[in-house]
There are 2 protein chains.
Amino acid sequence: METTPRIGELACFALYTASRAVIGLYRPVLDRLGLTYPQFLVLMALWEQDGRTVSALGDALQLDSGTLSPLLKRLEAAGFVERRREFGDERRVTVHLTEAGAALEREGCAVTEVVGTAAGMPLEELLALRDKLNEFTESVIRHRAAR
Amino acid sequence: METTPRIGELACFALYTASRAVIGLYRPVLDRLGLTYPQFLVLMALWEQDGRTVSALGDALQLDSGTLSPLLKRLEAAGFVERRREFGDERRVTVHLTEAGAALEREGCAVTEVVGTAAGMPLEELLALRDKLNEFTESVIRHRAAR
DNA sequence: CGCAATTAAGTTGCGCACAATCAAAATGCG
DNA sequence: CGCATTTTGATTGTGCGCAACTTAATTGCG
């Protein structure tokens with residue numbers, strides 16, 4: 001690369017703006033449910049499998065306890081989840097959906113559908129884009145670990 | 001969609017993790033320069049064209065003054081930029097690179113090169129991914145505005 | 001001209017992300 | 001068993017993002 005690249009040429013900037021754009025697309029819908037985007041992701045992870053530990057949620061969402069602990073506290077205060085210290089291992093905390101949290105699944109499911117029409121491309125292309133991104137992330141994380 | 005999609009199936013989640021992964025890839029390099037990722041983007045915008053106004057930077061980076069004002073204050077405190085009230089229009093503030101800020105361009109240019117090898121795909125594919133993402137963002141923002 | 005409407009940037013408040021640190025519980029090795 | 005090490009989650013501190021609001025300057029309409 002001879003000259004400094006322009007911002008618009010950077011893949012990292014394209015990712016950064018694309019990610020914020022979708023989150024902004026979801027925002028008004030999630031607002032009505034009283035959720036932020038990361039909170040919504042946590043609920044999705046629990047709809048898939050309830051009773052996960054904090055670290056299991058962290059693995060699923062690539063977030064650490066510094067982010068999850070206060071987030072879960074807010075989700076609990078909102079009445080969507082409940083945290084329980086495990087009996088066997090007192091260090092572990094499992095997170096469980098309340099009735100209200102479980103009830104959000106139906107509406108929550110619909111949240112993600114808006115991206116299909118907003119993406120401006122056929123579903124097939126969107127799925128291909130998603131797969132390419134996951135492949136990319138996988139590789140980047142491997143390169144990060146290797147140091 | 002009959003059932004709730006799994007997190008790994010969501011394009012939005014793929015974007016979210018991919019974006020954070022690249023930023024994390026850049027972090028150790030940017031740390032050495034004393035920059036955060038958004039600060040680095042602002043400098044890139046200024047290397048491309050110095051003396052932009054705050055709102056022009058906001059247009060380029062899709063950020064508002066609530067984000068940029070404190071960020072620019074920190075960049076100024078670090079000695080990389082200088083802010084000047086415009087003479088013609090006292091509302092406007094132009095942002096100018098200092099010598100130190102301009103001097104970062106050479107090293108800053110190199111920062112973005114690491115993604116090429118970490119991406120785990122040929123440059124051509126990475127550029128195609130970038131273009132697809134920009135197309136996607138464009139469409140999502142249009143759908144956001146239309147309401 | 002006079003004043004309402006608009007525009008530009010800054011401020012406030014909240015919720016992430018993430019590094020660094022901490023406390024408590026569990027594990028494992030001599 | 002005893003104690004160092006590891007694991008798990010929580011806490012602290014900094015810097016975004018973004019909505020809502022404020023302030024000050026400019027514009028434009030009657």
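Laboratory data are not the source of any read-out in this text; all were calculated from the coordinates shown. Small disclaimer: the values here were computed from a predicted structure and weren't measured. So basically every Cβ, Gly included, is an ideal-geometry build from the backbone, and we count neighbours across all protein chains shown.
Among the trypsin sites (Lys or Arg not before Pro) in region A:20-117, those placed in a DSSP loop whose Cβ has at most 11 other Cβ atoms within 10 Å are A:Arg91. When B:Asp64 is represented by a point 7 angstrom out along its Cα-to-C-beta vector, the spacings to that point in the other copies are 3.0 nm, nearest first. The chymotrypsin sites (Phe, Trp or Tyr not before Pro) of region A:44-120 meeting both criteria, a DSSP state outside H, G, I, E and B (loop) and at most 10 other C-beta atoms within 10 angstrom of the site's C-beta, are A:Phe87. By the Stokes-Einstein formula, at 1.567 mPa s and 4 °C, the protein assembly as shown with its Kirkwood radius over alpha-carbon pairs has D equal to 62 µm²/s. Legend: helices of chain B (whole DSSP H runs) are marked when their alpha-carbon atoms reach 27 angstrom or more along the helix axis and their mean Kyte-Doolittle hydropathy is at least -1.0; marked are B:11-33, B:123-145.
Top mean-square fluctuation among A:Ala78, A:Ala45, A:Ala118, Gaussian network model of chain A, C-alpha springs under 10 Å? Greatest mean-square fluctuation among the candidates belongs to A:Ala118. Contact order for chain B, expressed relative to its length and based on alpha carbon pairs under 8 Å spaced 6+ residues apart, stands at 19 percent. The chain A residue nearest the rotation axis shared with chain B, using its Cβ and rounding the distance to whole Å, is A:Ser19, 2.
Fully extending the segment from A:Ala146 to A:Thr94, taken as 0.36 nm per residue of separation minus the present Cα-Cα distance, adds 15.6 nm.
Is the shape of region B:7-112 best called rounded, prolate or oblate, per the rule: a/c under 1.5 gives rounded, else a/b larger than b/c gives prolate, else oblate, with a ≥ b ≥ c the square roots of the Cα gyration tensor eigenvalues? Oblate, since a/c reaches 1.5 and b/c is not below a/b.
If the label for A:Arg6 sits 7 angstrom from Cα along the Cα-to-Cβ line, what are its distances to the same label in every other copy, in nm to one decimal, shortest first? For A:Arg6, the inter-copy label distances come out at 4.2 nm.
Take A:Arg27, move 7 Å from Cα toward the beta carbon, and the resulting point lies 2.4 nm from the same point in each other copy, nearest first. Loop-only GluC sites (Glu not before Pro) in region A:1-96, please: DSSP not H, G, I, E or B, and at most 16 other Cβ atoms within 10 Å. Of the GluC sites (Glu not before Pro), the ones in loops of region A:1-96 whose Cβ has at most 16 other Cβ atoms within 10 Å are A:Glu2, A:Glu86, A:Glu90.
Computed on region B:78-147, the Cα convex hull volume stands at 180 Å³ per residue.
Hey, in the GNM for chain B with a 10 angstrom Cα cutoff, which one of B:Glu105, B:Glu135, B:Glu125 fluctuates hardest? Among B:Glu105, B:Glu135, B:Glu125, the largest GNM mean-square fluctuation belongs to B:Glu135. The helix-only estimate of mean residue ellipticity at 222 nm for chain A, built from DSSP H runs of length n ≥ 4 each weighted as -39500 (n - 2.57), is -20500 deg cm²/dmol after division by the residue total.
So, counting K/R as plus one and D/E as minus one, what does the shell of residues with Cβ under 12 Å around A:Glu82 add up to? That sum, taken over residues with Cβ under 12 Å, equals +1. Considering only B:Leu97, B:Leu61, B:Leu127, the mean-square fluctuation computed in a Gaussian network model of chain B, springs between alpha carbons under 10 angstrom, is largest for B:Leu127.
Listed from fewest to most Cβ neighbours within 10 Å, the set B:Cys109, B:Cys12 follows the order B:Cys109, B:Cys12.
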